[in-house]
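Novice: Below is a structure I'd like to ask you about.
Values quoted throughout were computed directly from the atomic coordinates according to the rules given, and no laboratory measurement underlies them. Quick caveat, the model's predicted, so the values are computed rather than measured. Cβ placement follows ideal geometry from the backbone for every residue including glycine, while neighbour counts extend to all protein chains displayed.
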Amino acid sequence: MERLSTFLFIMFIFFIANCKSNGKKETTIEKTKTKTISNVVDRNIDISTIKKDKIELKYLPSIVNNQDKSFQDKFYTYLNKLNSRMKSEEDIIELMDMRDSLLGDFQSVIENYYYDKGESDYKLWEKVEKECDTIGFHSIYAEGMFVGFGVCPIITQEVDLLASDELKNYLKFNYAYSYSLGGEYPYASITGYYLALIAGEKIITKYRNTKYFDKIFDDYMFCLNVCTDIHSADGDQCFYGGFSNEFYPFMSTCSEWPTLLKEHPKSLFAPIIKKLEFNHSDISENTSTDSTSKNTSDANIYAVIIDKVSDNKEADKLLFDYMVKGIDVVHKLSLKKDNKIDYYTCYRFYSNEKLAKEAYQTIIETIPKCKIYKIRNNTKDYYPDGIIVGEVKM
């Protein structure tokens with residue numbers, strides 16, 4: 001995978017927020033015509049029973065009023081909509097779209113404020129942060145610093161009463177996903193990402209033919225990758241993605257899998273986690289392993305490769321299709337061959353050729369097209385993950 005520096009990780013968080021409402025995302029799942037609402041809401045609901053307290057802001061207006069008029073208009077239009085009475089699901093959707101549209105600009109404004117005043121006056125910052133949370137913007141931190149916004153619950157009574165099941169589950173995933181982001185080491189714990197997977201599970205299983213599947217797919221796949229595209233390096237530490245062995249930001253964990261299985265035994269991806277789960281010490285017997293930095297006799301990696309595609313997202317779609325069917329093809333690798341870089345889906349990889357051949361025998365019954373590639377780990381550059389030396393004959 002393309003490795004990220006600390007700076008790129010922080011920019012990645014910004015990018016997530018800014019791109020939340022951008023174009024339609026593709027998937028490999030064939031869909032029928034998109035349906036907006038399949039659960040018809042009872043239009044005879046007495047909405048006057050919904051308690052509506054007006055949100056009064058004390059600190060944010062002074063920040064907003066220092067911005068250009070265009071932003072002020074956008075912010076107060078959103079705030080007025082938030083304070084208005086929702087009468088239908090369409091009103092809720094309009095409000096959520098307004099929040100998504102405001103998020104990127106609002107994030108930039110609050111980021112500037114944080115580094116200008118908030119960082120030095122934390123008590124004041126806490127009050128500003130609380131107001132941001134009140135109007136639906138969840139603060140994300142990396143290495144103790146504010147790096148951007150996710151979203152958090154608003155108008156919960158109206159959503160419970162007026163929203164369709166699809167919309168409720170869409171919002172449920174978005175909130176869980178926002179809460180999973182950030183941290184000192186972003187992948188050191190995978191539990192938050194797994195809870196986001198569970199929160200969006202109903203969209204994947206029941207509402208795949210709605211627009212909400214397309215809306216969450218990229219974020220959902222990112223969470224799935226973080227929870228499954230894990231390997232051990234040098235036998236004593238787990239890392240996320242590619243052949244990475246750098247602690248920041250790729251340090252991950254194998255030790256949370258058993259707890260996730262125990263607490264969520266019937267979750268959609270429990271069968272995948274069960275196949276990866278560790279059997280001894282802190283590292284799994286079923287987890288891919290790279291020991292090339294300690295292996296002086298053979299510094300190559302042997303990968304059980306399934307597919308070759310030219311596009312990063314296409315590889316993600318293939319991984320999703322495998323895992324949603326319970327097939328534990330979990331790795332995505334960027335590999336170079338004949339001066340051309342492509343993406344590959346991978347079942348397992350090891351520094352030990354014998355282990356790779358055993359893995360090959362395990363998966364070939366399910367996917368006969370699999371191959372073993374001998375790969376030289378690309379330790380000098382961040383991208384690609386490795387250089388293909390050749391195919392191992394079976």
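Novice: Decide, for the range 137-234, between rounded, prolate and oblate: order the square roots of the alpha carbon gyration tensor eigenvalues as a ≥ b ≥ c, take rounded if a/c falls under 1.5, and otherwise choose prolate if a/b is larger than b/c, else oblate.
Specialist: Verdict is oblate for the range 137-234.
Novice: Hey, another quick one. Charges at C-beta only: +1 for Lys and Arg, -1 for Asp and Glu. How large is the resulting dipole of the range 76-132 about its Cα centre, in Debye rounded to 20? The partial results should precede the final answer.
Specialist: Numbers: 8 positive and 14 negative charges, 62 e Å.
With Lys and Arg at +1 and Asp and Glu at -1, about 300 debye.
Novice: With a ≥ b ≥ c taken as the square roots of the eigenvalues of the C-alpha gyration tensor of the range 92-133, please select rounded if a/c is under 1.5 and otherwise prolate if a/b is larger than b/c or oblate if it is not? Intermediate results must be reported in sequence, preceding the final value.
Specialist: Details: a/c = 6.50, a/b = 2.08, b/c = 3.13.
Since a/c reaches 1.5 but b/c is at least a/b, the shape of the range 92-133 is classed as oblate.
Novice: Need one word for the range 183-290: rounded, prolate or oblate. Basis is the Cα gyration tensor (sqrt eigenvalues a ≥ b ≥ c); a/c below 1.5 gives rounded, then a/b vs b/c decides. Working shown, then result.
Specialist: Values: a/c = 2.33, a/b = 1.61, b/c = 1.45.
Note, shape of the range 183-290 comes out prolate.
Novice: List the GluC sites (Glu not before Pro) within the range 346-376 that fall in a DSSP loop (any state other than H, G, I, E or B) and whose Cβ has at most 15 other Cβ atoms within 10 Å.
Specialist: Glu365
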